[in-house]
Each structure stands twice: as structure tokens, then as C-alpha cells.
């Protein structure tokens, strides 16, 4: 907990609430799953709640029989990771659930998962056949990149840092000891971790070719209230030479950007952050010449009991291959790269909000819902209103209303549905509205429905910069 003493003699009262606790014990095994590993360092993490002071973390060493134990462990999901104390190469991770007053058994087998803290590299390498490396750090950032043989130096000095509601690292995805791996070693999954009122998981994948790295930022809201949030990606670039924005976001419809240094030995870097006509576009795009820090964010609301995904990409190319970089970025924007969706489930695709995946094809047995949002006068359109649709157990951000206050929602399953207005981003004049406008109706196969509803007066929304700034 934190307090603030302003002047001499001040008193601050802090009332910490200690969490319920349990215990965990287990054995660390070598890659054969049978041989115990003695004197191995074991990391224990509970990431359910993280903040400026960090999260619950502890460590011990295994005994001569490879056994370990922890007492006083906060209830919730735990990650247990370890590595070979001699070679510092073989390593693993296991997860478990702590319940009040109970002991949980969690065994770690090397070769399953990854331990950042106790290996020689401290990075998870995603090396491509194209010769480029994405070296993933414990918080999901790319440490340096560049060619594996060092003929092209690192392009990054810490890229893809995930922050929330600002750029000052006050709310951010933490550096964690252990992570799960998958897709034949081509994906690493960090979290889940509790950040900014949400449960956040970072899934990072790169195809064997090494053409790009895909990030899936999974934001889950387990509460019964909508959570407004502004996830932000900040990257620091290698400033050898003169950093130049070769392709600006404004030139691509705010879908991607390309930077370079003009140096013979640092790569071109491409960042792909949104697709056209997406429900949640990218905003506050900061790509300026001579600035080693670049960033972008998404202003959004996560509906209650729902998960949304922000999908974005990084790519590296040789310094003279601008055409190849643009072709790669455009293929990702157009959703036609053959490796773009590798390993993603249909549910994950449906949860992506910054690319227009839901409207790519028409699904049989569905229909289109057309929504018009109006100001309280019932006449003027509500522009930039975030619309959420719930159909059965599925809930997703459908998009933002256009300049006429309308939004067309494709692929809505037959049956009852609910449409909510959860947030308004106003481009012209201020308006007032209160509780989310809610509409409930029933849809039949192949029907096209049109609805109009008004926001109810209560809370005043302020002016907003059309360039993508603050909302009231």
C-alpha cells in the first residue's frame, strides 16, 4: 500500500487486508519426468493482482530429493517455475490453484514451459529461417531483435511494452518468472496477471519463417461492471544513425508504420496495430523522426463478464528492403498472410476488436443488425459511440457509430440479443447521457433489423480532439 505525507506532522492511515492463504509443495523433475532435480531454484508467483508494488513472489531451493514447499501462499492461480542449476538450460513451468487452508501439489517437469529467471539467456528466442530473431523478455517485450548472425544489429532497445492508461509505467504488464509455451515452441504465453482491473494474458507467436511476431493481448473482465481502459504499446528503438519514419501511420489509414535509421546495419522495423473499419481503432499514434520512443493505444471499454483481444504485430527486414516490409505489413492488415491466424481458435478470432474479423465472411444462420444511436433530443446522431452486442453467452464490442450515428453488425446468431451503448467518443459537440442505452430484441435467420435508441441524460461528456485524444 502507498500513502502520501504532505507536511510535517501529517498522519496517514493505511488499512491493509491480508489475503486468505494456503500452501503448495511438489517435486522438480528432469525432462524424463522421473529423475528429481536437487538444489534447483523454484520460483512461486501469484499474478492475480499486480500493481506499482509488484505481485506475490517467493523462491526456495529443492532438497536432495528434488522436493520443495511453500507456506502462507495467497489463494488464487500460481505459477511455479525452475531450471537446471548446473546447465541453466533445461527448464520448465507448471501452474496450480491455491485454496484456503489447503495444500496444493504442483510438480515441475523440465521441457514444459519456460523459466526466464534461472536460464542463461533470460530470453525466449523466436528465431526465423529468414535469419531474424525476436528475443522475448519476461514482460513480453522484444529486447533487441536483429539478425541471429549479427550481420544486422539490434533494431530495438525494448519494444512492445504493454501499459495501461498512460505512458509512465504506473500500470503495466509485469516481468514474470515463468511462462507457458506452445505451437511447437513458436508461441509463449505470459500471465494471466491482474492489471488495471482486468485479467491480462499476452500470447506471443512467430511463424518458423520469422516474418513477423504476433501479439494477442487478452483482456478479461470478470466483474459485473464495464471497465473503461486504454491499453498502450510503447517501443524503444535502437538510435544508431538517424531514426526516420519511412511510412507514417497517416499514410496507411492508421493501420501500420515503418521506421529505419539510415544505417547499413540496423533493420527496418514495422508495427501493425489495426485493420480498416475495426471496432476499436488505434489512436494517439506517436511516430516522429529522431524519436526513439514510438507508441500507440486503443481507447475502449471491456464489457462485464467478457474478454476482448487486441492483435498487433512487429516485423523486421533488411535495411534496403522497404518494399518487402510494406508487402508484409499490408498482408497482415489485409488479413491474408498464411501464418497470420496460426494457432488462434474461432473464439479468439471473434474476440479481436482492432481488426474487422467478424465481418470478413457471412456465417450461415446469422443476420445483420443495424443500430442508430441518437443524442437525447432524439434527432441528432451520437457519433463514436461504442456498441456492444450480446447474443446468447457471447458478448463482443461490435464497433463505433459513424458520422451519422449508425453501425451495421454482421453475423449475429439467430435468437434473442442485447445491444448496449457503453461509451461515447464525441467528435463535435458535447452531449449528456447516463446509464448505457439497452435494447433487447429477437432476430430470425437472414433478417436485417434496424433499431434506433436514445441515450439517457445524466453524465456530461466533454469535447474530444478528432485526432484521437482525451474523451470526457
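The distance separating the Cα centre of region 105-159 from that of region 230-267 comes to 21 Å. The base-10 log of I(q)/I(0) for region 102-227, evaluated at q = 0.09, 0.17, 0.20, 0.21 Å⁻¹, reads -0.29, -0.94, -1.19, -1.27 [Debye formula, identical scatterers on Cα atoms, solvent excluded]. Panel order for 143, 297, 127, by other beta carbons found within 10 Å of each beta carbon, from fewest to most: 127, 143, 297. Counting other Cβ atoms within 10 Å as a rough exposure proxy, the listed residues 87, 104, 62 run 87, 104, 62 from fewest neighbours to most.
Take peptides 180-190, 278-288 and line them up by average Cβ neighbours within 10 Å, highest first, as a rough protection proxy. Provide the component values of the computation, followed by the final result.
Numbers: 180-190: 17.7, 278-288: 20.5.
The most tightly packed comes first, giving 278-288, 180-190.
Eigenvalues of the alpha-carbon gyration tensor of region 124-351, scaled by 5 and square-rooted, set the equivalent ellipsoid semi-axes at 27, 19, 17 angstrom, largest first.
Considering only DSSP beta bridges with both partners in region 21-115, what is the antiparallel share in %, to the nearest 5? Write down the numbers at each step before the final one.
On the way: 27 of 32 bridges.
Once the DSSP bridges in region 21-115 are tallied, antiparallel ones form about 85 percent.
With neighbour counts taken as other beta-carbon atoms within 10 Å, the residues 390, 349, 203 rank, fewest first, as 349, 390, 203. Between region 3-76 and region 311-382, what's the alpha-carbon centroid distance in Å? Between the Cα centre of region 3-76 and that of region 311-382, the gap is 39 Å. Working note: Cα atoms of region 21-115, range along each principal axis, descending, whole Å: 33, 28, 18.
Sort 10-22, 148-160 by the packing proxy (mean of other Cβ within 10 Å over each peptide's residues), most packed first. Write down the numbers at each step before the final one.
Numbers: 10-22: 9.4, 148-160: 18.5.
Averaged packing, sorted descending, gives the order 148-160, 10-22.
None of the figures in this text is laboratory data; all of them are computed from the coordinates on show. In this text, all values refer to a predicted model and were calculated from it rather than measured experimentally. All Cβ positions, even for glycine, are placed from backbone atoms using ideal geometry, and neighbour counts span all protein chains on display.
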